[in-house]
Amino acid sequence: MQGFVGVNFEELLREIGVVDFRELYSDVPSRYFLEKPPRLEGSHSEQEVYERIRGMLGRNRAGGELKLFVGGGVWPHYIPAAVKEITARSEFLTSYTPYQPEASQGILTALFEYQSMVAELYGVDAVNSSMYDWATALGEALRMAHRYNGRRKLVVSSLASRERLKVAETYCEPAGLEIVEFQHDKRGQADEEKLKELVDRETAAVYIENPTYLGSLVENIKAVGEIAHDAGALFIVGAEPISLGLFKPPGAYGADVVVGEGQPLGLAMNFGGPLLGILGCRMDMRLIHAMPGRLIGMTEELHGGRRAFTMILQAREQHIKRERATSNICTNQALCALAAAVYLALLGRKGLRKLAQHIYLKTQYMIERFSRINGVKTPLVDALHYMEFTYRVEGVEPSELLRKLLRKDIVGGIDVSGKFQLVGDGVLTCVTEVHSREDIEYYASALEELTG
């Protein structure tokens with residue numbers, strides 16, 4: 001900064017009441033500041049710099065070179081080639097977010113198809129055209145509940161993602177909303193009696209994930225919704241979309257609002273993004289008006305009567321009324337939503353069900369294979385699991401176990417030690433359609449070697 005403003009730098013600091021320029025970086029830990037200029041080598045040609053950087057990058061390991069068994073919110077899935085081909089078309093591939101209600105009929109049609117398919121998948125009536133990710137969709141859903149009924153208490157599952165709940169707290173704390181957790185029993189089922197003690201007439205919503213973050217299925221989830229509704233609270237359910245090809249959609253057991261992560265629907269893992277937040281609700285115009293994000297509706301042309309698509313209920317959005325907007329989401333994940341629409345259209349109803357069954361059966365096989373290894377305890381939650389489950393190796397810290405597995409080119413999962421009271425120390429691992437039987441056997445053999 002000083003190099004750009006030169007003699008004006010001190011004057012600028014005085015104007016804003018700062019003595020030392022380091023005050024501008026007070027949020028940065030002091031250990032990251034350089035006490036003296038870095039020692040740099042002499043100048044190099046462009047080609048030399050290129051070769052040097054290429055050598056450094058060569059030490060990276062691409063995901064395809066490793067056995068990836070890590071999920072936790074971003075999962076490895078196969079993406080049909082047509083998804084990338086269609087989303088790369090110049091008609092779709094743009095960073096521009098349209099505000100005009102009757103913008104390109106092509107993209108509006110595609111987004112309407114996305115909304116329609118995801119609404120059917122989750123068993124609700126309305127879905128917006130995208131949020132940033134599951135975490136931000138959850139934050140918005142909780143604030144949406146407060147806008148709907150004016151209450152300030154939010155009761156959430158203790159087996160929900162810790163990272164998502166942290167984001168939700170960031171959304172809710174400025175609005176004066178309180179988040180409290182309800183517990184699950186050893187089988188991963190919601191503790192109904194304790195939940196009844198927490199949910200009262202001050203509760204805006206009850207939130208639960210199914211499958212949970214740990215991959216366990218909550219069989220008494222309908223009862224959770226009934227407890228919420230008996231107190232006049234909204235019932236919010238988070239679900240991974242491919243699982244809904246096999247299991248009942250949240251709307252079928254009473255969900256008022258649904259959230260989820262659309263990344264499994266045709267989006268690569270990349271470096272953890274971009275992702276696709278799913279947010280939808282049942283047919284209640286007060287609820288729909290409280291929902292942020294763009295909504296695409298179908299109508300007819302003024303002259304001619306042909307079918308047309310347009311953005312609707314835009315007065316909810318920040319570019320119409322900033323200070324009273326439901327949210328300040330601006331540029332959204334429309335291209336990611338398009339990819340999800342293409343993916344769902346390619347698989348169809350039967351294809352999605354077959355994929356979900358395939359993942360479920362692989363999960364059961366992998367659990368059974370790991371349970372035969374001496375010193376391995378799995379699953380740590382005594383319930384049915386889908387796509388993910390937890391395990392523990394006796395005498396080996398999860399962090400150390402994952403380091404040893406990495407030396408064998410296995411990214412074994414996520415260390416969830418200390419995050420969930422129900423499981424204590426352990427590893428959350430993942431299996432999807434991209435993992436072959438040989439991959440699972442290689443992982444199991446590595447565990448046998450480490451425990452032998």
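Taking helices (runs of 4 or more DSSP H) that fall entirely within the stretch 1-91, which contain at least 1 residues that are without any contact (Cβ under 8 Å) to a residue 60 or more places away in the chain, of a type in the set (S, T, N, Q) and over 30 Å from Gly426 (Cβ atoms)?
2-5, 46-57
Residue check, Glu438 against (1) under 25 Å from the mean Cα position of the chain (by Cα); (2) surrounded by fewer than 22 Cβ atoms within 10 Å (Cβ to Cβ); (3) of a type outside the set (A, V, I, L, M); (4) in a helix (DSSP H, G or I), all met but one. Which one?
Every listed condition holds for Glu438 apart from (1).
Just to verify a result, which residue in the stretch 45-61, among those that are among the basic types (Lys, Arg) and closer than 19 Å to Leu406 by Cβ, is modelled with the lowest pLDDT?
Ranking the candidates gives Arg61 first.
Output the residue which, of all residues in the stretch 255-266 that are over 11 Å from Val237 (Cβ atoms) and in contact with a Pro (Cβ under 7 Å, 6 or more places away or on another chain), is surrounded by the fewest Cβ atoms within 10 Å (Cβ to Cβ).
Pro264
Please determine whether any residue of the stretch 409-420 is farther than 21 Å from Val74 by Cβ and touching a residue at least 12 places away in the same chain (Cβ under 8 Å).
no
Could you list all residues from the stretch 384-404 that are exposed (fewer than 13 other Cβ atoms within 10 Å of the Cβ), in a loop (DSSP other than H, G, I, E, B) and within 25 Å of the chain's Cα centre (by Cα)?
None; the set is empty.
Please find, within the stretch 108-144, the residue that is farthest from Val258 (Cα to Cα) out of those that are small (Gly, Ala, Ser) and at pLDDT below 95.
Among them, the one singled out is Ala110.
Of the residues in the stretch 111-132, how many are more than 21 Å from Gly245 (Cβ to Cβ) and either assigned to a helix (DSSP H, G or I) or among the acidic types (Asp, Glu) (or both)?
Count: 2.
Could you pull out the residue among Ala340, Ala308, Ala315, Ala334 that is more than 18 Å from Ala145 (Cβ to Cβ), crowded, with 19+ Cβ neighbours inside 10 Å and at pLDDT below 95?
Testing whether each residue is more than 18 Å from Ala145 (Cβ to Cβ), crowded, with 19+ Cβ neighbours inside 10 Å and at pLDDT below 95 leaves just Ala334.
Let me confirm something: among Ala255, Ala223, which residue is at pLDDT 95 or above and closer than 30 Å to Ala339 by Cβ?
Result: Ala255 is the single residue among Ala255, Ala223 that is at pLDDT 95 or above and closer than 30 Å to Ala339 by Cβ.
Yes or no, residue by residue, for (1) charged (D, E, K, R); (2) assigned to a helix (DSSP H, G or I):
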{"site": "Ala337", "(1), (2)": "no, yes"}
{"site": "Val342", "(1), (2)": "no, yes"}
{"site": "Leu347", "(1), (2)": "no, yes"}
{"site": "Arg353", "(1), (2)": "yes, yes"}
{"site": "Tyr360", "(1), (2)": "no, yes"}
{"site": "Gln364", "(1), (2)": "no, yes"}
{"site": "Asp382", "(1), (2)": "yes, no"}
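Do we find a residue being assigned to a loop (DSSP other than H, G, I, E, B), in contact with a helix residue (DSSP H, G or I) (Cβ under 8 Å, 6 or more places away or on another chain) and either over 18 Å from Ala339 (Cβ atoms) or without any contact (Cβ under 8 Å) to a residue 12 or more places away in the chain (or both) anywhere in the stretch 140-154?
Yes, the stretch 140-154 contains at least one residue that is assigned to a loop (DSSP other than H, G, I, E, B), in contact with a helix residue (DSSP H, G or I) (Cβ under 8 Å, 6 or more places away or on another chain) and either over 18 Å from Ala339 (Cβ atoms) or without any contact (Cβ under 8 Å) to a residue 12 or more places away in the chain (or both).
The values are calculated or read from the model by the stated rules, or taken from the named source; none is laboratory data. These figures come from a predicted structure and were not determined experimentally. Please note: Cβ atoms are built from the backbone with ideal geometry, for glycine as well, and neighbour counts cover all protein chains shown.
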